[in-house]
1. Does residue 11 meet the test of being at pLDDT below 95 and under 23 Å from residue 164 (Cα atoms)?
2. Being of a type in the set (Phe, Trp, Tyr), surrounded by 16 or more Cβ atoms within 10 Å (Cβ to Cβ) and in contact (Cβ under 8 Å) with a residue 24 or more places away in the chain is true for just one of 152, 179. Which residue is that?
3. Please work out if residue 21 is away from the ligand (no atom under 11 Å from the Cβ), surrounded by fewer than 18 Cβ atoms within 10 Å (Cβ to Cβ) and in a loop (DSSP other than H, G, I, E, B).
4. So, in segment 188-208, of the ones that are assigned to a helix (DSSP H, G or I) and out of contact with any Leu (no Cβ under 9 Å at 6 or more places or on another chain), which residue ends up surrounded by the fewest Cβ atoms within 10 Å (Cβ to Cβ)?
5. Would you please name the residue that is farthest from the ligand (Cβ to nearest atom), looking only at residues in segment 61-85 that are within 22 Å of residue 49 (Cβ to Cβ) and of a type in the set (Gly, Ala, Ser)?
6. What are the pairs with Cβ atoms under 9 angstrom where one residue, in segment 52-69, is closer than 11 Å to residue 35 by Cβ and the other, located anywhere, is part of a loop (DSSP other than H, G, I, E, B) and of a type in the set (A, V, I, L, M)? Sequence gap at least six, or different chains.
7. Of the conditions (1) near the ligand (Cβ under 10 Å from one of its atoms); (2) in a helix (DSSP H, G or I); (3) closer than 23 Å to residue 164 by Cα, residue 38 fails just one. Which one is it?
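The values are calculated or read from the model by the stated rules, or taken from the named source; none is laboratory data. A quick note: this is a predicted structure, and the numbers were derived from the prediction, not measured. Positions of Cβ are backbone-derived with ideal geometry, glycine not excepted, and every protein chain shown enters the neighbour counts.
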Amino acid sequence: MNLIFLGPPGAGKGTLAAKAVEILKVPHISTGNIFRAAIAAQSPLGLKVKAIIDAGKLVDDETTIALVRERLAEPDVQTGYILDGFPRTIAQAEALASFSAVGKVVNFDIPDAAVVERLSGRRVCRKCGHNFHVLFDPPKGNICGLCGGEVYTRDDDSEEAIQKRLHVYREQTAPLIDYYRQKGLLLDVDARPAVGQVVENFKKAVSVQ
Ligand code: AMP
């Protein structure tokens, strides 16, 4: 099953993807995670994208498309994939269609106010990528209870970057909702409840038990 996870930053796509990987047994491919790993490794890609990402802007289509095209050529995606955070522009969606058959697009629907609450309280494990929240799932100190990694606040979860990312989402990514709806590929999932309920909403949408 080739799935795309669509929705604003903070909709819970990453958290849901971690659950969906266990349910569907397909790899989770997050362009944001790939960029963050490149930044941590200080690779040429990381050096190129760090300032853009910290400011809450989008990395250029050419770089991002090349990255995903390469990743989808790996053997582990033969049984399917969950693409999280890609495509984010119509140009990316059209490029994707030229090298992979999109199955369904899951649209995680959530209002802006909830996004701001989630992102401003989000904390992330540097090692395993697990998402915590200071109110709903607080980490113990700055250590990840799952892997012992360091828990930190993403640079792009600052108040200013959150507003920028929401703006960029509305302008450049939200048009993909109608784009995929018109193709008959869109599945809407209410992303407002707590994660357990969103998992149930997701399973119902993609028809798995
Ligand atoms: P995410 O973890 O999905 O919120 O992505 C973090 C940041 O990585 C975004 O705010 C963008 O700067 C960059 N990024 C991730 N995916 C894409 C994409 N498909 N196109 C352009 N930039 C992206």
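1. yes
2. It is 179.
3. In short, no.
4. 196
5. Once the filter is applied, the top-ranked residue is 73.
6. 52/58; 52/59; 53/59; 64/58; 67/59
7. Condition (1) is where residue 38 drops out.
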